[in-house]
């Protein structure tokens, strides 16, 4: 998995790129939370949930179904998120889905249960250029510098580019109106 730090790149890029008029601060916070929430499944290790289980790490919480459920919750809470139902649903769903999709780009682990509950198969994308992060104490090691460098190259740089493009086009439309 990418580090918990890099999972927030997607909601930040979308939120800052689209601006506060489209993505409120509350909605941005919900998107950030949705982008890191799937890794709460690591608590299963403390309760002897097997990694390969559908309830293990990178199981159901990394699925598109889980992302849609989070989006539906956001749509229900859209007023508290200072957003329309559709914007809340789409933004939170996309941010949550980005977690599993980024994990599927890593070079380690068992893959992600992208299509749970319909399919428990764990998937990786054909290209796995993002170095997998260590879980637990191994996170604070010299290897982490290599992982963070990989994430900067393959997650943060594209996120900054996406943010810049969205900001530019959003700004152009605002000045034309």
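The values are calculated or read from the model by the stated rules, or taken from the named source; none is laboratory data. Since the structure is predicted, the reported quantities are computational estimates derived from the model, not experimental observations. Here the Cβ positions follow ideal geometry from the backbone for every residue, glycine too, while neighbour counts run over all protein chains shown.
Brief remarks on what is shown
- Residue 133 being modelled with pLDDT under 90, closer than 16 Å to residue 102 by Cβ and crowded, with 17+ Cβ neighbours inside 10 Å: yes
- Search result, residues across the range 72-86 that are part of a helix (DSSP H, G or I) and in contact with a helix residue (DSSP H, G or I) (Cβ under 7 Å, 6 or more places away or on another chain): 72, 74, 75, 85
- Options 10, 32, 42; residue that is touching a residue at least 40 places away in the same chain (Cβ under 8 Å), surrounded by 21 or more Cβ atoms within 10 Å (Cβ to Cβ) and under 23 Å from residue 130 (Cα atoms): 10
- Answer residue from the range 7-30, given it is in contact with a helix residue (DSSP H, G or I) (Cβ under 8 Å, 6 or more places away or on another chain) and outside any helix (DSSP H, G or I) and is farthest from residue 155 (Cα to Cα) among those: 22
- Of the numbered criteria (1) over 15 Å from the mean Cα position of the chain (by Cα); (2) crowded, with 16+ Cβ neighbours inside 10 Å; (3) without any contact (Cβ under 8 Å) to a residue 40 or more places away in the chain, the one residue 16 fails is (3).
- One residue from 57, 62 being surrounded by 17 or more Cβ atoms within 10 Å (Cβ to Cβ), within 27 Å of residue 111 (Cα to Cα) and modelled with pLDDT under 95: 57
- All of 103, 82 fail the test of being within 30 Å of residue 20 (Cα to Cα) and touching a strand residue (DSSP E or B) at 6+ places or on another chain (Cβ under 6 Å), apart from 103.
- Hits in the range 31-71 - residues which are part of a helix (DSSP H, G or I) and in contact with a strand residue (DSSP E or B) (Cβ under 8 Å, 6 or more places away or on another chain): 62
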